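Asks: Please see the structure below; I have some questions.
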Amino acid sequence: MLKYGSPHQLASAPAVVRPSVLRSYRVEVCTPAIGAEITQINLADVPDDPTLVAELRALWLKHRVLFFRDQHITAQAQQRFAAAFGTLEKHPTAPMHPDAPLLLPLYRNLDPNKPNMIEKSSRENIWHSDLTFKEVGPRGAILRCEACPESGGDTLWANMVLAYEMLPERVKVQIEPLYARHSFEHMFAAQLRRERRLELAIEQPSTDHPVVRVHPETGEKLLFVNQAFTTHFSNFYNFDEVRYGQDFAIEANHLMNYLLSQAGVPEYQVRLKWRPGTVAMWDNMLTQHYAVADYGREPRKMLRATLAG
C-alpha cells in the first residue's frame, strides 16, 4: 500500500502539500495495468480542499480509474464532488435525478410499488466509452452505488493506453491515419421503431474520431474504438493489393474486429465488486468499461455524474 501526497511519489502532484493532506488518504494499486483504491477520505469534504482536488486529479490520470469505499453521501454531495473536477453535463436523452439534476440514475429491477423511481431499460454489458457518438464526448464519469446485489453486477475497466501500446508495430502504422465512425443508432437506437431511429439520426448525428487519439492532459496515445458505438473505418482503403472490393472490405472488417477485441484482454483490466457507498471515478478516454449483467432480477441502483469533454 502506498501513501501519496509527496511530489517525489507522483510527479504531477502539487509541489506543496499540507501535512493534514498527507495524513488524509492512502492509495492501494489494484492491478499493474489500471486502477487504485483511495481510503481514509470523505468525498463530501474534497471540494473544500483545492490541493486535495489537484492530487486526486493527478492520481486519476495516473491510474485511469479510482475507487472509494464507504461513501454514504447524498446525491447533492456526489454532484458537488464531481463538479470539483470539471463541468457536468446531462445525458442527451435519459431523465436525470430529481434532487440532483446533473446526476443520471442507472436503476435496474426496481420495486414495482415505487412507480416514482425511474428505471433504465438498456444494459451496458458491452465494452464501451460513454457517448463517443458525440463530437466532443464526456471527459469522465463518477458513479456511486446506492444499492446492489449481494453477488454479481461487477464492473470492469480496461486501460486503452496500454491496449494501444501493446499492439504490433505494423498495426500501429496501419491505424495511425485512420478515422472511425461512431453512431448513436448502433446500440441505443437499435431497439426503437424506424421513425424514431430516423429522428435520432438527425438529433444525434454520427461522428468520425481518430482511431488513435492523444489524451489532452497526459499526451498519451490511446486506442479509441469501442463495441457499443463504433461502426466502421471512414477512410480505410488498401490501394496496393486490391483486386476486388471485398479485398479492402473484408480486411477492414477483420482489422476493426481485432481492435475492438483489445479491451477484452484481461491483462489490461481491473474488476470492481460493488458495495453500497462505493464510488468509481474514471477517465472516459483512457479507459473503456463493461457492466456485467449477471444478477438476474436483483435490484441495482447507481448514480452517475458525467464530466463534459
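The values are calculated or read from the model by the stated rules, or taken from the named source; none is laboratory data. What you are looking at is a predicted structure, and each value in this text was computed from that prediction instead of being measured. FYI the Cβ positions are ideal-geometry reconstructions off the backbone, even for glycines, and counts take in every protein chain you see.
Asks: When you check Leu167 against the structure, is it assigned to a strand (DSSP E or B) and modelled with pLDDT of 95 or more, yes or no? Can you show your working first?
Replies: Values: assigned to a strand (DSSP E or B): no; modelled with pLDDT of 95 or more: yes.
So Leu167 fails the test.
Asks: If you don't mind, another one. For Phe67, all conditions in the list (1) modelled with pLDDT of 95 or more; (2) part of a strand (DSSP E or B); (3) in contact with a Pro (Cβ under 9 Å, 6 or more places away or on another chain) hold save one; what is the number of the exception?
Replies: Failed condition: (3).
Asks: Quick one: in segment 203-216, of everything that is out of contact with any helix residue (DSSP H, G or I) (no Cβ under 7 Å at 6 or more places or on another chain) and more than 18 Å from Thr93 (Cβ to Cβ), which residue is surrounded by the fewest Cβ atoms within 10 Å (Cβ to Cβ)?
Replies: Of segment 203-216, the ones out of contact with any helix residue (DSSP H, G or I) (no Cβ under 7 Å at 6 or more places or on another chain) are 203-210, 213-216.
Going one step further and asking which of them are more than 18 Å from Thr93 (Cβ to Cβ), we end up with 208-210, 213-216.
Numbers: Asp208: 14, His209: 20, Pro210: 16, Arg213: 17, Val214: 12, His215: 16, Pro216: 9.
For segment 203-216, the residue satisfying everything is Pro216.
Asks: Of all residues in segment 26-59, count the ones that are free of Cβ contacts under 8 Å to residues at least 24 places away in the same chain and in a loop (DSSP other than H, G, I, E, B).
Replies: Of the residues in that region, 2 qualify.
Asks: Same structure again: Could you grab the pairs with beta carbons closer than 8 Å, sequence gap of 6+ or different chains, first residue in segment 60-87 and more than 24 Å from Glu28 (Cβ to Cβ) and of a type in the set (A, V, I, L, M, F, W, C), second one surrounded by fewer than 18 Cβ atoms within 10 Å (Cβ to Cβ) and at pLDDT below 95?
Replies: Filtered contacts from segment 60-87: Ala75/Asp99.
Conditions (1) free of Cβ contacts under 8 Å to residues at least 24 places away in the same chain; (2) surrounded by 20 or more Cβ atoms within 10 Å (Cβ to Cβ); (3) not charged (D, E, K, R), marked per residue:
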| position | (1), (2), (3) |
| --- | --- |
| Thr218 | no, no, yes |
| Gln227 | no, no, yes |
| Phe248 | yes, no, yes |
| Gly277 | no, no, yes |
| Ala280 | no, yes, yes |
| Asn284 | no, yes, yes |
| Tyr290 | no, yes, yes |
| Arg300 | no, yes, no |
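Asks: Which residue pairs have Cβ atoms under 6 Å apart, sit 6 or more places apart or on different chains, and have a first residue in segment 162-175 that is in contact (Cβ under 8 Å) with a residue 40 or more places away in the chain and a second that is part of a helix (DSSP H, G or I)?
Replies: These pairs meet every condition: Leu162/Tyr268; Ala163/Gln262; Ala163/Tyr268.
Asks: Could you please find all residues in segment 138-197 being out of contact with any His (no Cβ under 6 Å at 6 or more places or on another chain) and aromatic (Phe, Trp, Tyr)?
Replies: Tyr164, Tyr179, Phe184, Phe188
Asks: Also, I was wondering about something else. Could you list all residues from segment 70-93 that are touching a Ser or Thr at 6+ places or on another chain (Cβ under 9 Å) and in a loop (DSSP other than H, G, I, E, B)?
Replies: Asp70, Gln71, Glu89, Lys90, His91
Asks: Leu223: crowded, with 19+ Cβ neighbours inside 10 Å and either more than 17 Å from the chain's Cα centre (by Cα) or at negative phi (or both), yes or no? Even if it seems obvious, please write down each step before you answer.
Replies: On the way: crowded, with 19+ Cβ neighbours inside 10 Å: yes; either more than 17 Å from the chain's Cα centre (by Cα) or at negative phi (or both): yes.
So Leu223 fits the description; yes.
Asks: Condition check: over 22 Å from the mean Cα position of the chain (by Cα), crowded, with 18+ Cβ neighbours inside 10 Å, modelled with pLDDT under 95 and in a loop (DSSP other than H, G, I, E, B). Does Phe188 satisfy that?
Replies: no
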